[in-house]
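The values are calculated or read from the model by the stated rules, or taken from the named source; none is laboratory data. Since this is a predicted model, take the numbers as computed values, not measurements. Glycine also receives a Cβ, built like all others from the backbone with ideal geometry; neighbour counts cover every protein chain displayed.
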Amino acid sequence: MFDGTGLPCRALRVRKKMSDPQNPTSVFKQLVFNSVTNCLGPRKFLHSGKLFKAKSSKELYGFLFNDFLLLTQVIKPLGSSGSDKVFSKTHLQYRMYKTPIFLNEVLVKLPTDPSGDEPLFHISHIDRVYTLRAESINERTAWVQKIKAASELFIETEKKKREKAYLVRSQRATGIGRLMVNIVEGIELKPCRSHGKSNPYCEVTMGSQCHITKTLQDTLNPKWNSNCQFFIKDLEQDVLCVTVFERDQFSPDDFLGRTEIRLAEIKKDQGSKGPITKRLLLHEVPTGEIVVRLDLQLFEEA
């Protein structure tokens, strides 16, 4: 819901179908607007207003944030009919028309002939193009400029984040050896979603070195089978950390537990036997374990 100024209140409750055979009914998912984004810092409200689909003239209401565009439809309160009741903006509610369109995946442009009478513009998103009509030429200009600026900032921020990660990897010293890690699976992870499942992934770190597994959907027993390697600088001081998160597009990812193991312990357990498999308990959560396969290889005896 949105307040009388057009700014979003804490959350918009939207109805969304979930493919859960044990719970085929619709469930509610909260989109939290006053949250921190995963990449851009605090979520910011940029623009809103009426938009129309070019072909059908279906009326929509758009809300633009610094990370996504949300297209909605106004829901008329029960009992309203024609012009016998007038509801102020404070009482309006909105239903999500399309899944939020993330701005790092869009290209916005004017029609071939922007001098035409209709204030049309196009939004290309992955394999789909939305042709929309604003209420006026000035409104179209505002939408196009704000979407374009937000998209460019989002893409540039992600680029800098990748460059920083690459710099850390490229500046990493060769060290005295390497640790080969296979994140095999998670067992009985903490559920985070309303239907008792989660979208988990692992962040595996050793000092400034970091590896992130893929995200698996709707499971408490994910089988990642994800390989990575870390260069060892100090056999006695280096620690391998594994933190599990629930992926959330609209707010910071939820914490599902963490565990760690010292390299000195790995060397002691491995000895001359070769790779070892360990089942590590996740801490700071009521349930969850991680199965990892470890192979410590020294370039020379430390």
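Observations on the model:
- Restricting the first member to the range 163-188 and to residues that are closer than 21 Å to Leu294 by Cβ, and the second to residues that are modelled with pLDDT under 75 and surrounded by fewer than 16 Cβ atoms within 10 Å (Cβ to Cβ), the beta-carbon pairs closer than 6 Å and six or more apart or on different chains are Ile176/Ala302.
- Of the criteria (1) loosely packed, with under 15 Cβ neighbours inside 10 Å; (2) in contact with a Cys (Cβ under 6 Å, 6 or more places away or on another chain); (3) not aliphatic (A, V, I, L, M), which one Gly196 fails: (2)
- One residue stands out among those in the range 201-220 that are assigned to a loop (DSSP other than H, G, I, E, B) and in contact with a Ser or Thr (Cβ under 8 Å, 6 or more places away or on another chain): the one that is modelled with the lowest pLDDT, which is Asp218.
- The strands (runs of 3 or more DSSP E) falling completely within the range 1-114 that include 1 or more residues that are at pLDDT 50 or above and either hydrophobic (A, V, I, L, M, F, W, C) or closer than 30 Å to Lys160 by Cβ (or both) map to 27-32, 45-53, 59-65, 68-75, 93-96, 106-109.
- Residues within the range 259-302 that are in a strand (DSSP E or B), β-branched (Val, Ile, Thr) and surrounded by 14 or more Cβ atoms within 10 Å (Cβ to Cβ), tallied: 6
- Residue check for Phe250: closer than 21 Å to Gly271 by Cα, in contact (Cβ under 8 Å) with a residue 40 or more places away in the chain, touching a Leu at 6+ places or on another chain (Cβ under 7 Å) and not hydroxyl-bearing (Ser, Thr, Tyr): no
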